[in-house]
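Written below as structure tokens is the structure these notes are about.
Values in this text are rule-based calculations from the coordinates and carry no lab data. Quick caveat, the model's predicted, so the values are computed rather than measured. Cβ placement follows ideal geometry from the backbone for every residue including glycine, while neighbour counts extend to all protein chains displayed.
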């Protein structure tokens, strides 16, 4: 997680782009940008935040050891610089989140498992996936629809042939205690017979310098893009989420997926808008590029709040994000690849996201591009248990990989991983509650609470220490136990209940097999889990919880449990 030195090499580039296939470790742009740098040592932590939505380059130098330096180069816009003095890492993060905003409490179902694919192409296929997951005892809470549910990639429509009865499909999902999430991108087909386009034409789209609606190629073909800087355009876009306008939608369509919102353009310069596109107020795109996705999620959040009469907390997933996006949406790490490096980097990606406020983070389980080998897929499900957002997803040209199509031995591993997740949902829900009250991340690096443990990026903290296997062919796992000799950790993943005790400040190597994914409860903590065998979160709020009081020889820490929707 330590920033690499970039002197005499490429700097870190902050420009939101449709990255496509990207290397796991790179200084190149990806889908989101939060221009803050933390300086951390055992003694002190500080932060520097340059609030600017234009393209930025950041050079990192360690030439003046023990000091480090960060040099910012900005393409345009204003220079609003914030310095956070800490002095601890926890205090710096809280100060930054106090400035940019906290996420609201998520609905419980959003913390369960999500099943997605590009694409489930018919309503019958959707029903089949849900029923087969249920029959094979794989818990899940939501199934997702990519662009093929629409009529010719026109958002807010349904394909009349393959999704001819969307209400009936949603009624079936509701009967199975499942929700539906659909994709809504920011581009709209140029089509004089498409009401969404016609209502926005000439008024609510981003413009060229001569005042015409900007047109470019994306999924629907020739498209125009909503100018989300325009408050009237946001209102117009939001109006289409109403049940009487998005015909065929019901309350079971409980979440929205904002993708391609860097914004993505096929065949354009760097696959995004030209810099000279004009937004509301005569603002050039150059100056607000990195907050375009932020503005879409703001509008989508407004839409769902209005649609649901302010009675439900919206769930939105966004690919593009900026400082403050957490107020409106969860985020994921984008179109990753089915290989070990991309699985290994997920913890660093989501830990770092949490440190800049984006606490509801996850990665596509198994990798979006290409086909994961069986061991990789199993290990990815185990590692993903401990990330806030937990979704399996895959590209359209990959082999089917729903848990029930796997070999029986792999099904056992994945089923156990999913059940481990559902067992610990009270922990996740409580940690989100604590985030809302304090600003602390949901999942944390070891150095968040143990400042000296900086370079360990395959462990994760949530009052639980999770250390899954992330190496190909791994049959041992080395665990670094945080704390000192007065800190103790109880091994909690053993099904026999034979919990062993491990002292802080030590390093131990454990023998593991494919079914083993290590996690430990901290002595002095209280961990509430749900041992009820459910295949969704429905009913969990009224379940009796099992409370593990993990005794410490010297103290019992304060602990809270939050389970109220």
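Quick notes on this structure:
- Contour excess over end-to-end distance, with Cα ends at residue 484 and residue 400 and 0.36 nm allotted per residue: 25.6 nm
- Approximating the spin labels as points 7 Å out from Cα along Cα→Cβ, the residue 215-to-residue 499 distance works out to 6.6 nm.
- FRET efficiency estimate (nearest 0.05) - Cβ-Cβ, residue 547 to residue 270, R0 45 angstrom: 0.30
- Percentage relative contact order, the range 1-118, counting C-alpha pairs under 8 Å, at least six apart: 22
- Of (i) 75, 62, 54; (ii) 71, 61, 41; (iii) 87, 65, 48, the label for Cα extents along the principal axes in Å derived from the coordinates: (ii)
- Only helices enter the 222 nm calculation for the chain: every DSSP H run of n ≥ 4 contributes -39,500 (n - 2.57), and dividing by all residues gives -7000 deg cm²/dmol, rounded to 500.
- With N the number of residues in the range 12-100, Rg(Cα) / (2.2 N^0.38 Å) evaluates to 1.17.
- Using the Cβ-Cβ distance between residue 136 and residue 67 with R0 = 35 Å, the FRET efficiency computed as 1/(1 + (r/R0)^6) comes to roughly 0.05.
- Residue exposure sequence - 508, 402 - by fewest surrounding Cβ within 10 Å: 508, 402
- Rough spin-label spacing in nm, given labels placed 7 Å along Cα→Cβ, for residue 250 and residue 371: 3.7
- Three-way shape call for the range 384-459 based on the alpha-carbon gyration tensor, with the a/c threshold at 1.5: prolate
- Distance between the modelled labels on residue 476 and residue 339, one decimal in nanometres: 2.7 nm (7 Å Cα→Cβ projection).
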